[in-house]
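Notes follow the structure.
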Amino acid sequence: MKNKVFLKISLFLIIFGTVLFLPFIGEKEFQGEEGRRVLLALQMLETKEFLFPKLFGEPYFLKPSGYNWFLALWFFLTKDFSEFTARASSAFIIILTSLVLTWFWIKILRKEGFDKEGPALSLLPFLPGLIFLTIPEVIDKGLRAEIDGFYTFLVTTGIFSWFYFYELTKRRCLGFLLWGIFMGFSVLTKTFHALLFFYLAWIPYLFYFKKLKELFTFPHFLGIGITLGIFGIWFFFSLGFDLNLFSAWLGEYKDALSGAEVSLGEHFEFFTLGFLTGYAPWIFVLFLFKDPGFIQVFLKKHPNFFKLIIFSLFLFMFSYMFHFFSLGARLRYMLPAIGGLVFISAIGFLYLIVYKKEILNRSLRIFVKLLPWILAALGVMFLGYLILRKFYYWEALVVVWVLIIGSLAFGFRFWKKVSYQGFLWFLVFCVFSVKQVYAAFYYSYHKEKVDYFRKASQNLVLAVGKGEVIYLCEEAPHHLIYYGKYKYKTLDFKYLKPCDKRLIFELKDRWVLLSKKRFESLGLNEKDFKIFQILPVRKKVYLLVKP
């Protein structure tokens, strides 16, 4: 298997990923943490202070600089910081991760003798890339300008660089050298949580193969030293060993473990349902471990696959269990372990495509034959819903028809023959088309009916006029600042800290924005201001005043 095979697969995955992620991503306004992430990166570019993330000069301790560097560089290169551009950075890094997984996979295929051409074998190199890109939880993070996609790239590349070079090629120092570099930058992206994934997999892996003494070898210490060295250099030059950083990180860890926001039952319910839907349909490949031919014959015949699947299983399942029992954890926290599921699914489908070929189990064959017709029926029902509710979004109507026609095509094909290769392509089509239907409808609906922050920013401009300066009272509404200052370029903001009653009244004839809660806590009264306006923003109420 030559390099041209990897280049051919890379080109396909880049095109597939681009078509999967980019349509409609600029339609919806920023939500959740997107505003904060983008604003921190833009502030870096504006102030030229890149070592540590700051917002209006105030250090932001909860997350280190790694993602802000990446996003700031992306904005610098593209010369644009729209919603489309910001989210496209996540799509880019997710596609790049699929190429990394594909590169390692092709190397392992060569070691196991699956580098020949043939009708069935030609699909094998595509497996991890296709599977990774069509995991719903991965797609969700590829559509957001948030940390998770970039973080997953760093952790995944670090872990599987180690596995390939350390475990398969026996170049142990190189394996831990690369691991140390990527783990170092992973720590600079989302704290020491990054190391958790590796050790949750490696320690059980060493125990399984009775090699625990490798914990105390030079290559391991070399990798740890590089990781701590990268962190230490950044910590010294950015903060001068300011221990407030660790206080903030420990607070984050405590919240993730304690789960103060939700009850025990709610966490288990939401995490389990999210896990099943977020990692479907590929998670169901785990049922292959019930097949004695898969375990006792196939994996024993291919030792590198056996090592990879054991390591991947430990990585994915122990990461799931750790976050499942961390009551404040969110499903996205375990995303860097996704490489484990990808390789388990890839090896599973390789076994099914090459050795099983066709679905022979009668019940499973009937179920698979019905799936395309069920999907087509759901498409028709959703089309009827759009028409009855008069949601005439042409994008949604077009992609729904694509889903219906594609489902029917698979339905007729499966009526004649149900192969595992055909079933794989159906799963890819299913996830791809459902994502496009969702994005085409919801993003268009959101732009027309919701748009809280865009509308609030426009109302803010109408209230104060273009070019005005608004003073923020110890609060930084990230989305309003982004749209007012950077997207529409109509307002400027200054941050007041400390902000008290006396300081507000000293700002005579100046606009001040503060939340209703903050207004009341300062003991302010509407009658004390020349101008007093209420600015509702989603579930929060801000007050725009002029002393």
Check your understanding: Based on the Cβ-Cβ distance of K449 and E266, what FRET efficiency does E = 1/(1 + (r/R0)^6) give at R0 = 22 Å, to the nearest 0.05?
Key -> 0.15
Revision key, fill the gap. Note, the stretch 163-172: 3J(HN,Hα) by Karplus (6.51, -1.76, 1.60, θ = phi - 60°), whole Hz, Gly/Pro = x, goes 4, 5, 6, 7, 8, 9, 9, 6, 8, 6
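Give the calculated FRET efficiency between K416 and L195 to the nearest 0.05, with a Förster radius of 41 Å applied to their Cβ-Cβ distance.
Numbers: r = 51 Å, r/R0 = 1.25.
Efficiency, from the Cβ-Cβ distance: 0.20.
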Exercise for review: Please list the non-local residues whose amide H lies under 5 Å from the amide H of Y495, H modeled 1.01 Å from N, same-chain partners needing a gap of 5 or more.
Suggested key: L472
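Rounded, prolate or oblate: which fits the stretch 415-454 when a ≥ b ≥ c are the square roots of the eigenvalues of the alpha-carbon gyration tensor, with rounded for a/c under 1.5 and prolate only if a/b beats b/c?
In terms of gyration-tensor shape, prolate.
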Check your understanding: From the backbone phi of the stretch 178-190, what are the Karplus-calculated ³J(HN,Hα) couplings (6.51 cos²θ - 1.76 cosθ + 1.60, θ = phi - 60°) in whole Hz, Gly and Pro given as x?
Key -> 5, 4, x, 5, 5, 5, x, 6, 5, 4, 6, 9, 8
Study note, to complete from the structure: Residues whose built amide H sits under 5 Å from the amide H of V537, excluding neighbours closer than 5 in sequence, are Y542
**Study point:** For the stretch 294-304, Karplus couplings with θ = phi - 60° (6.51, -1.76, 1.60), whole Hz, Gly/Pro x
**Key:** 5, 7, 7, 10, 5, 5, 5, 6, 10, x, 5
Exercise for review: Per DSSP H run of at least 4 residues, take -39500 (n - 2.57); add these up for the chain, divide by its residues and hand me the 222 nm value, nearest 500 deg cm²/dmol.
Suggested key: -20000 deg cm²/dmol
Check your understanding: How many percent of the accessible area of the chain is carbon or sulfur, using a 1.4 Å probe?
Key -> 66 percent
Exercise for review: Return, in residue-number order, each cysteine of the chain whose C-beta is not under 4.7 Å from any other cysteine's C-beta.
Suggested key: C173, C430
Exercise for review: List the pair-distance distribution P(r) of the chain, using every Cα-Cα distance, as the percent of pairs falling in each 10 Å bin from 0 up to the bin containing the longest distance, rounded to whole percents.
Suggested key: 3, 15, 24, 25, 17, 9, 4, 1, 0
Point to revise | Dipole axis of the stretch 452-546 (+1 Lys, Arg; -1 Asp, Glu on Cβ), positive-most option in V537, G484, Y452 | key: Y452
Practice item. Would you be so kind as to identify which of L178, L462, L228 lies farthest towards the positive end of the dipole of the chain, taking Lys and Arg as +1 and Asp and Glu as -1 on Cβ and the Cα centre as origin? Key: L178
Check your understanding: What is the helix-to-structure angle for 452-464, meaning the angle in degrees between its Cα long axis and the longest Cα principal axis of the chain, kept from 0 to 90 and rounded to the nearest 10?
Key -> 20 degrees
Review point. DSSP beta bridges in the chain, what fraction antiparallel, as a percent rounded to 5?
Key: 65 percent
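Please compute the length gained on full extension between Q296 and L276, using 0.36 nm multiplied by the number of residues separating them and subtracting their Cα-Cα distance. Intermediate values should be presented prior to the final figure.
Working: separation 20, 0.36 × 20 = 7.20 nm, distance 2.76 nm.
So the extension gain works out to 4.4 nm.
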Review point. In degrees between 0 and 90, to the nearest 10, how far off the longest principal axis of the chain does helix 264-278 point, with axes built from Cα atoms?
Key: 60 degrees
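Which loop GluC sites (Glu not before Pro) in the stretch 33-134, with loop taken from DSSP, have no more than 10 other Cβ atoms within 10 angstrom of their Cβ?
E117
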Practice item. May I ask which residue of L7, W74, T47 lies farthest towards the positive end of the charge dipole of the chain, with charges of +1 (Lys, Arg) and -1 (Asp, Glu) on Cβ and the Cα centre as origin? Key: L7
Review point. How many angstrom separate the Cα center of the stretch 62-101 from the Cα center of the stretch 299-340?
Key: 25 Å
**Study point:** Charge dipole magnitude, Cβ of K and R +1, D and E -1 - the chain, Cα centre, debye nearest 20
**Key:** 1220 debye
Check your understanding: For helix 394-416, what angle does its Cα long axis make with the longest principal axis of the chain, in degrees from 0 to 90 and rounded to 10?
Key -> 10 degrees
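The values are calculated or read from the model by the stated rules, or taken from the named source; none is laboratory data. None of these values were measured; they are calculated from a predicted model. Counting neighbours? That spans all protein chains shown, and the Cβs are built from the backbone with ideal geometry, glycine included. Heads up: the accessible areas ignore ligands, DNA and RNA and are worked out on the full protein's heavy atoms, side chains in. Shrake-Rupley method; radii C 1.70, N 1.55, O 1.52, S 1.80 Å.
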